[in-house]
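Have a look at the structure below, then the notes.
Derivation of every value follows stated rules applied to the coordinates shown; laboratory data play no part. Please read these numbers as outputs of a predicted model, since none were measured by experiment. When we count neighbours, we look across all protein chains shown, and the Cβ atoms used for this are built from the backbone with ideal geometry, even at glycine.
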Amino acid sequence: MMDIDQYLVKVAAFVADKKTPVVDLIAVQTKDPFKVLVATILSARTKDETTATASARLFEKAKTPAELDRLGQEEIAALIKPVGFFHSKAKYLKELPLALDRFKGQIPAEIDDLVTLPGVGRKTANLVRTVAFGLPAICVDTHVHRIMNIWGYVATKTPLETEMALRKQLPPRHWQTVNSLLVAFGQSLCKPVAPHCDQCPLANCPRIGVHPRKSQDLTTTRKTMGNSLNTLKFVSWNVNGIRAVEKKGFFEIVKSFDADIFAVQETKAQADQLSPELKNIAGYQSFWHSAERKGYSGVGIYSKERPISVREGIGVSEFDSEGRVLTLEFADFYFSSIYFPNSAEELKRLDFKIRFNEELRKFALNLAEKKSVVLCGDFNVAHKAIDLTYPERNRKFAGYTPQECAWMDRFLADGFVDTFRIFNQEAGQYTWWSFRSGARGKNIGWRIDYFCVDGKSRVRVLAAAIHPEIIGSDHCPVSLEFRVSNK
Ligand code: SF4
């Protein structure tokens, strides 16, 4: 077992000159549990800088629960925008003063009381207890959960399991500081995407579960070795509106992946509606295929290398008018970004979808006769029961009907490979979560975004991964490491 004291001392030294997490900062500056609680609610799924400015705007109008009570929900929403899920958070904050009446208008310090407040889950409650009150609690967020598992200090599946495991084994002297240390460490070095292991002070870290992110290590290595590993990195993301995600850190995300090809789906924009910044990301050329209907469907591809040819659609007008497939041809492979139709409510578009799927299958088989084929995107189907949280109750619903799954069977029987499942056979690996009922936080989701390659190109697949930590859309990105040539 690794020495936790030694690890945390090294982490503390490493992050000493890094940014203090915003909630700690507010606690130090204000010593006010109300402000710490509000800032913690705002900080969920939001960058620290955004939380800091939104908190400042809100606190100018509402320094106390009584002042907050005087603001309308819409007014609160306008003040805290653009923090993630600002509509829901505005609703919680509007309800907060009334909920605090039970505690005489004061923020309670006990976890069991804190979790009764609107928008306050266990993570928030633990953070408020430690940061605002200096009382013992372990706040387990995604960084603590992830890094403790990478270190092998715990072997858990959820942040709650991690919290319970840490309560048993983490020496109490670390309880209050572990969150801010690992948040700073997770944001600066042990990142969810591309951890900088080569610069890490923890030389003997077992790097458990970092294997899917081997892709990033390869990319880094490729740079320093002049691409002698001959690896290409591909990323695919259903952005659910590229103009919306532009305001949610899209450029930083593209930069952090440093992919050779970054494909997007459900762009919901015509090419002439895109900002110059979206069309001209440094180092990339961009290509687009949009739907005739404005604000609907649409796919795009950013590529570092200029393709030999670009093909919009699959040659069937009823599908091509919806902007669903864009294919770039390179020397020894084709790359397609695809947004499969949704079967829709009451399966109104199931027939349409299956016809599209069949045409797409023929299109891909045809390409595969010439060279390697990489197909990525939102397939809008969870293939097996393992690919969604509630298979039984969704059997008759879009995305998991027997017809859609049978098509996926046929597609794979043609030799196409679901690359993620080469490396990972675990349940709970999802790429899409409903915006409703906090599904993402509870990991109630579906795996419907894929990287597939033709059978002969399976030998070129080096790694495949899902990146659930990347927010901004109801989908998360998926990635593939691909050998440059099969020779
Ligand atoms: S060696 Fe890599 S995985 Fe381990 S803590 Fe350091 S950055 Fe994280």
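Pairing the Cα long axis of helix 178-188 with the longest principal axis of the chain, what angle in degrees results, from 0 to 90 and rounded to the nearest 10? Relative to the chain, helix 178-188 is tipped by roughly 40 degrees.
Between LYS294 and PHE397, the distance separating the two model label sites (each 7 Å from Cα on the Cα→Cβ line) works out to 3.3 nm. Grab the beta carbon distance between ALA331 and ASP3, set R0 = 60 Å, and tell me the FRET efficiency rounded to 0.05. After rounding, the FRET efficiency stands at 0.75.
Ordered by the count of other Cβ atoms within 10 Å of each Cβ, fewest first, CYS376, CYS200 give CYS200, CYS376.
With respect to the chain, whose longest principal axis is taken over its alpha-carbon atoms, helix 214-224 is tilted by about 80°.
Multiplying each eigenvalue of the alpha-carbon gyration tensor of the range 337-399 by 5 and taking the square root yields semi-axes of 25, 15, 9 Å, largest first, rounded to whole angstroms.
Using only Cα atoms, what Kirkwood radius does the chain have, in angstroms? When all Cα pairs of the chain are included, the Kirkwood radius is 24.0 Å.
With contributions of -39500 (n - 2.57) from each DSSP H run of at least four residues, the per-residue ellipticity at 222 nm computed over the chain stands at -10500 deg cm²/dmol. Translational diffusion of the range 386-452 was estimated from the Stokes-Einstein equation, with Rh taken as the Kirkwood radius over Cα pairs; at 25 °C and 0.890 mPa s the coefficient is 190 µm²/s. Measuring against 20 Å, Cα to Cα, the residue pairs LYS268/LYS396; LYS18/LYS157; LYS81/LYS248; LYS94/LYS442; LYS168/LYS442 contain LYS268/LYS396; LYS18/LYS157; LYS94/LYS442; LYS168/LYS442 as the ones spanning a longer distance.
Based on DSSP loop calls and a cut-off of at most 16 other Cβ atoms within 10 Å, the longest stretch of the chain free of exposed GluC sites (Glu not before Pro) is what?
Free of exposed loop sites, the longest segment is 111-291.
Stretching PHE103 away from ILE422 to a fully extended chain increases their span by 109.5 nm, per 0.36 nm per residue minus the current alpha-carbon distance.
When you filter the trypsin sites (Lys or Arg not before Pro) in the range 91-123 for DSSP loop state and at most 10 other Cβ atoms inside 10 Å of their Cβ, you are left with LYS104. Hydrodynamic analysis of the range 2-62 uses the Kirkwood radius over alpha carbon pairs. Inserted into Stokes-Einstein at 10 °C and 1.306 mPa s, it gives a translational diffusion coefficient of 123 µm²/s. Annotation: the antiparallel percentage among DSSP beta bridges lying fully within the chain is about 75. Principal-axis analysis of the Cα atoms of the chain puts helix 33-43 at an angle of about 0° to the longest axis. Volume per residue of the convex hull around the Cα atoms, evaluated for the range 211-483, comes out as 125 Å³. Exposure proxy ranking for HIS196, HIS475, HIS383, based on other Cβ atoms within 10 angstrom of each Cβ and starting from the fewest, stands as HIS196, HIS383, HIS475. Label-to-label distance for GLN199 and SER256 is 1.5 nm, based on points extended 7 Å past Cα in the beta-carbon direction.
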